[in-house]
Structures are given as structure tokens and as C-alpha cells.
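Everything on this sheet refers to the single structure shown next.
Just so it is clear, none of the values below were taken in a lab; they were calculated from the coordinates. All values reported here derive from a predicted model rather than from experimental measurement. Cβ atoms come from the backbone with ideal geometry, glycine included; neighbour counts cover every protein chain shown.
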């Protein structure tokens, strides 16, 4: 079964403490989120993805590479396999092994005869795995007789085996010299090609490493232990088909090879075969309980399969094995986020941020977690940092995916400003709508997506209303004009958020006194989205401003039909009924407000009707 894609469309309406009813339109991973202001009006902000989703689900990771201990383990296994194979079917012509203390007198023997005897001692020390002494005797044998091919090939083998010993100690420079000399002596020395490939791989010279692994297998096809490092290298080079072929062969030969199972799991993950990946990672951890990376990827695979709750202990095991495991803290934070455990998500994202304090993905996701905890100041701070970190990356100017993501993050920062405005207003602290405008102006320069144009119009509208409230009328009028310009462009586009831009445009027209413009824009919205209670309410307000109380009453009632708890619609209905001469109906609206616990709005209705409408 292929991995299920994690849905980013879970709703979490980020509004004031009242219900707004059915109010979302999500198409092409975009979500329109109502934002309520203190006057009871509603405007719409567009999220590129769901308002509940994190900015970026998975952290960018460098290509997985083998550790020193894994390389050492492979070197030991290749040497062991070669020795076993050579004892059953020699890879070269051998001579009789002779212990050094069993050598006959050599004073009367010719150099050629002594060369054969010394080659025998070299064979003896190879069998004893004393490669230093073996190399000494094979060298001396070659010095005595340069035509002694047994000594030549024996020296090549001893050098390769000693080189593998050096690999287990990670003495790469020494090992490389041994392998190169071994190959120069015997171009068919499989272990030497393998060892040279290991050194080149450790040096990240992947092209030459691949070439030498392949030569090793060509020289000795029975060295199947090479399947694992070569398969891993193909994975690192993104040749998934070859990696699959070699690693599948490797685990068929040795199913308990934790390293092979781990990298086969990575291959299956690349192939989006989550169940097979999970099985491979589980086999890896069953055979090596110290393999932190396998536990981490077990957790990642479970989250990608939608089994998020099960992923948490796997991430925790990875962290227990490696306290400073950045990706594991990130993965654990994201798992908690998916489960709406935002405090725990913040804790893990903060730990990840300490480990890589300039990682934009972690900082952006930390902003998301703070936003959903209603800590909008910290949310804005982290979004701003994330955007700066992305902009500072060398490929930012040409990487459109990063530019789109950064624009999204800047939009989320602007949204956080809007939500913080509600809190600031109650405290008598000025709103930072100018910051929201600045974020969205920058976002608009990064993409051609009209999402940013729509949101910029939304921000200019709200910034203008703040200007008017603070007696900065000239600045407010200029901002309203910019709001109209941006919202007109956004509402003209055939996009998933077109109706949101139209609703905001209708509100701007209401603010500027363009009664017909407001009605026309808002009629288009409710024609397309008749279930948007707040849109019906806004259209009713537009009709009240045009003194068309009959149409206003109709749309307020439609709003209430969709959301009977929308208190503002009951307030507006009461006022419209009163102006239309229906005092008794207005009093019913007044009673409804009290039943909803909105005495504040009931009192406002009484005041707006000169004290006539009251319970």
C-alpha cells in the first residue's frame, strides 16, 4: 500500500470567541479563514495551505551516509568473506605455507629458491592474519625474484587485506596507498577495488567510488558483501532502481543485516512504499538496537502513513540514543503538532532550534505551533526569522519553491499581526497593521500568486480602518485605494479564493460609501457561496446602508439560517426590522441576543433604536 498523504485540510477557525458557522472554502490546498474585527465585521484571509497545517511538514535532510562504524563493519565482513572464499577456491596461485621458524637453511640456495620459500612464509602469515609480516616476506620474495608471480599476487592480496584493517581504524590515507599498490600488482584483486571504493566514498568522490565497487564485483562476483555499500552509494546518487536491485539481493542473502535493511527502508521510502519501508526499518532496529537513524525513519514512515501516534515512541528512542538528534526532535515536534498537542510541539521545535538556530523550516513550524497556541507575538517573531533565513540562502533568487514557501510564511506573519491586534486593542496597545502590510508587500514580490495580492488588499483595508480610528484620515483614504486596487485584481482572477477577495472588496466599498459597489460585490459572493453566514450578514449591512431594509432583512435571516449563533446577524436583523417598522420583530432579535449571552449587543440594539427595542 502506498503512503497516504497527510491531509492539510483540517479546519481550525482562528476567529474571536464566537462561532461563524460554515465558512471555509478549500480548493487546491487553499483555505479562506474569517477574521472578525471588534465592530462585528468579517474579512477573509487566504492561507495557501490549511490554517492547521505546518509551513513545511518534513525537514530537508542531507543524503544519508554511512557512519565510520558502519564502514568498519563492512570492511570486516568483506575481508571475512574473501578469506572464506579464498580458502575454498583460491583467487590466485598459491605456494605451500611455511612457518618462519621452519625455514630450511638458505645459505646454499639460489635467489629463486629463497624467493619461493619466502613466498611460503608470506602465505603462512596471511593465514595467520598477520598482514604486516606477510607483506614483508612477499616483498623480499619479489626482490629476490621479480618473475615470482606467486609473490607478486600474494603481496597484492596481503596489501588489500591490510588496507581493509586500516579501514576498520578509519586510517584512510594509509589504506588508500595499500589498495592502489595492490591493484597495480594485480588488476584483478577484488578486495583492493572494494577498499579503494570505500576510501573514495568516504571522501565523497561518488563517481570513482561507484566505478571501483563495480570493478570489485567484476573481478570477484562472489564478493556479495559488496552489494550493501554499492547499493547504498546508488541510493545516495539517487539511482533508486540500482540501489533496490543490490540491497534486495543483500537482504535475501543476509536478512539480519541491519545496515542493509536500513538503507533498503530508505529506498522503499523514496519509492513511496511506506509499508515495505516500515518493515525494513523494523528489521534494522530488531537487529541493531543502537541504530538511531533507523528509529528516526521508523517514526517518519509512520507519520507519512498517517499513524502519527505510533511514531512518537520511535522518535523518542532515536533521541534517547542521540540526544542532539536534530531531525528526530523536528519529527517529534511535527508529530505532536499533527495531534494538536501544540505545547509538546513547541518544546520539541525549540530543542531543534537550539541545535540549528538558523534552520528556516524549524523556525517556521515553531511559528505555526505558537500561532495555534494563540501566542501571536512569538508566532510573528519566528515567521519573520524563518523568512529572513530562507532569503539568506544562496539559491533563493532562483528557487521558486523556496520563494513560494517564504511568501506563505510572510502571509502567516501578517495573519498573526491581525490576531494580535484583537488582543492589543483590548489592552489599549496600537495594532501593527503597518507590519502586516510590509510582510505582504514583500510576499507579493516573491511570486505571481494572487493569494498575496488578495491578502495585501485585506491588510490595507484593515490598516486603513486603524488610521481612521486614530484620526489619520488622509493615510486611511490612501490605504483604502490600495486595498481596492489589490482586491480588484485578486477578485478578477479565476481562483479558489476569488470569493474571499470579493467579500473583502465589498467591505472596502462599504467603508468608502460606495453602496452599489458593495452590494454588487457581495451579491456575487453569496451567489457563489450561499452558506457563508458572515457573507450574507455583510450583504445585509450593504443593503441597510442603501436603505433597502426588505433585502437587508432577507439576507440577515439567511445568515441566521446558516448560523443561528451568529450574534452580529441578530443585532443587524433587529436594527433592520426596526427601521422597516417591525418593532415586534426587532424585540424578538433583542431577546435572542440575550439568550445567546450577548447582553453587550442587546444593549447596543437598544441604544441604536433610541431605547425603543428592549426586553
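Okay, here's what the table says:
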read-out: Length gained when the stretch residue 171-residue 80 is fully extended (0.36 nm per residue, less Cα-Cα span); value: 30.8 nm
read-out: Extension gain (nm, one decimal) between residue 583 and residue 427, 0.36 nm per residue minus Cα-Cα; value: 52.5 nm
read-out: Taking only Cα atoms of the chain, radius of gyration then Dmax in Å; value: 36.4, 136
read-out: Helix-derived mean residue ellipticity, 222 nm - over the chain, DSSP H n ≥ 4, -39500 (n - 2.57), to 500; value: -22500 deg cm²/dmol
read-out: Whole-number percent relative contact order across the range 83-237, with pairs defined as alpha carbons under 8 Å at least 6 apart; value: 15 percent
read-out: Extension gain (nm, one decimal) between residue 448 and residue 149, 0.36 nm per residue minus Cα-Cα; value: 100.5 nm
read-out: Relative contact order %, the range 289-358, counting alpha carbon pairs below 8 Å whose residues are six or more apart; value: 27 percent
read-out: Solution diffusion estimate, µm²/s, Stokes-Einstein, the range 83-237, Kirkwood Rh from C-alpha pairs, 10 °C, viscosity 1.306 mPa s; value: 99 µm²/s
read-out: Angstrom value of the Kirkwood radius, inverse mean 1/r, which spans all Cα pairs in the range 370-473; value: 14.1 Å
read-out: For peptides 69-82, 457-470, sequence by mean Cβ density within 10 Å, most packed first; value: 457-470, 69-82
read-out: The chain: angle of helix 292-304 to the longest principal axis, Cα-based, in degrees nearest 10; value: 40 degrees
read-out: FRET efficiency estimate (nearest 0.05) - Cβ-Cβ, residue 290 to residue 603, R0 60 angstrom; value: 0.30
read-out: Helix 515-528 axis, angle to the chain major axis (alpha carbon atoms, nearest 10°); value: 50 degrees
read-out: Coarse-grained scattering of the range 483-615 at q = 0.10, 0.15 Å⁻¹, given as base-10 log I(q)/I(0) from a Debye sum over alpha-carbon atoms; value: -0.33, -0.68
read-out: Packing-based ranking, highest mean first, of 310-316, 524-530 given that Cβ atoms within 10 Å are counted; value: 310-316, 524-530
read-out: Projected label distance in nm at residue 396 and residue 595, using a 7 Å step from Cα toward the beta-carbon; value: 5.6 nm
read-out: Estimated inter-spin distance, residue 184 and residue 341, nm [label 7 Å along Cα→Cβ]; value: 6.0 nm
read-out: FRET efficiency, residue 67 to residue 565 (Cβ-Cβ, R0 41 Å, nearest 0.05); value: 0.10
read-out: Crossing angle, helix 206-219 versus the chain [Cα axis fit, 0-90 degrees, rounded to tens]; value: 40 degrees
read-out: Pair residue 132, residue 207: separation of 7 Å Cα→Cβ label points (nm); value: 3.9 nm
read-out: FRET efficiency estimate (nearest 0.05) - Cβ-Cβ, residue 358 to residue 239, R0 51 angstrom; value: 0.95
read-out: Relative contact order [Cα under 8 Å, 6+ residues apart], the chain, whole percent; value: 11 percent
